[in-house]
Amino acid sequence: MSIVFPFGQRTLPNFSQYAFYSNVFTAEEIDNIRALWDQEEHFDATVSGEGKSTDDELRRTKLAFIPDSQANAWVYERLGRLGIECNNERYGFDLLGFHHQLQLARYGAQDFFDWHLDFGAGEISQRKLSISVQLSDPDEYEGGDFQFMINQKVHTMPREKGTVIIFPSFILHRVTPITKGVRQSIVAWLGGPPYR
Ligand SMILES: O=C(O)CCC(=O)C(=O)O
Ligand SMILES: [Fe+2]
């Protein structure tokens, strides 16, 4: 057995820091998802999980959960299938399922989520793949770009409604401040056992 590379292990030829998929949801489906905002309770986002205080420097967003009910199962299924397909093609992570209920995020004027990782110590170390869905038409808001920082370069994602962005939860990303209008998104994580 060799100690230095190569170990005779498989590599990931299709790894990419992110992937995006257009038109995963139709306009009508998105209307139905957005209607959940008025049915569910909303609260100010916390930075990493419950019990933490809000951190205005890092993030200003309102959130609601999309309950994992029978009525919403189609949203979970659509995102779960796409996440698994993306994982099989690019990452090969051990995935067990959604790490939490899907979140519905709403950014009004001046709201943002600055550079961060979705991965960290404790509970969020189970996050493997982060998923974000663009729920607003590009002309409903200004600012509010979803961006990655990869090797000192900023990559801006498409804003088109129905686009799904998938990336390993250890990749640096942000949502720039909304300067006008409202941006809505779904945020989800597929999780599994710690990296090994
Ligand atoms: O709103 C989004 O599209 C992404 C937000 C985000 O990065 C997060 O909630 O961790
Ligand atoms: Fe994030």
Here the tail fraction of P(r) beyond 19 Å, over all Cα-Cα pairs of the stretch 127-191, rounds in percent to 30
Zone reached by a paramagnetic label modelled 7 Å from Lys180 Cα along Cα→Cβ, restricted to the stretch 95-128 with backbone N below 15 Å, covers 109-110
Ranking Gln152, Gly97, Val175 by how far each Cα lies towards the positive end of the charge dipole of the stretch 66-196 (+1 on Lys and Arg Cβ, -1 on Asp and Glu Cβ), the top one is Gln152
Longest principal axis of the chain (C-alpha) makes with the long axis of helix 73-90 (C-alpha) an angle, in degrees to the nearest 10, of 30
The answer for the net charge of residues other than Arg34 whose Cβ lies under 12 angstrom from its Cβ, with Lys and Arg +1 and Asp and Glu -1, is -4
If one builds a Gaussian network model of the chain from Cα atoms under 10 Å apart, the most fluctuating residue listed among Trp74, Trp37, Trp115 is Trp74
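Would you mind classifying the chain by shape? Square roots of the alpha carbon gyration tensor eigenvalues, ordered a ≥ b ≥ c; an a/c under 1.5 is rounded, otherwise it is prolate if a/b is larger than b/c and oblate if not.
Verdict is prolate for the chain.
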PRE zone check, label point 7 Å out along Cα-to-Cβ of Val154, amide N under 20 Å, scope the stretch 115-131, hits 115-118
Taking GluC sites (Glu not before Pro) in a DSSP loop with at most 10 other Cβ atoms within 10 angstrom as exposed, one finds the longest site-free stretch of the chain at 58-196
If one compares the long axis through the Cα atoms of helix 27-39 with the longest principal axis of the Cα atoms of the chain, the angle in degrees, nearest 10, works out at 70
Computed about the Cα centre, the charge dipole of the chain from +1 Lys/Arg and -1 Asp/Glu charges at the Cβ has a magnitude in debye, to the nearest 20, of 760
If every Lys and Arg gets +1 and every Asp and Glu gets -1 at its Cβ, then about the Cα centre the stretch 92-150 yields a dipole, in debye to the nearest 20, of 360
Expressed in square angstrom to the nearest 10, the accessible area of Ile84 with a 1.4 Å probe stands at 90
Spelling it out for Leu172: with amide H atoms placed in the peptide plane at 1.01 Å from N, the residues 5 or more places away or on another chain with amide H under 5 Å from its amide H are Met149
Check: in the chain the Lys pairs 8 or more apart or on separate chains whose Cα atoms fall under 21 Å apart number 4
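The values are calculated or read from the model by the stated rules, or taken from the named source; none is laboratory data. Quick caveat, the model's predicted, so the values are computed rather than measured. Using ideal geometry, Cβ is built from the backbone for each residue, glycine included, and neighbour counts are taken over all protein chains shown. Surface accessibility is based on the protein's heavy atoms, side chains included, excluding ligands, DNA and RNA. Shrake-Rupley method; radii C 1.70, N 1.55, O 1.52, S 1.80 Å.
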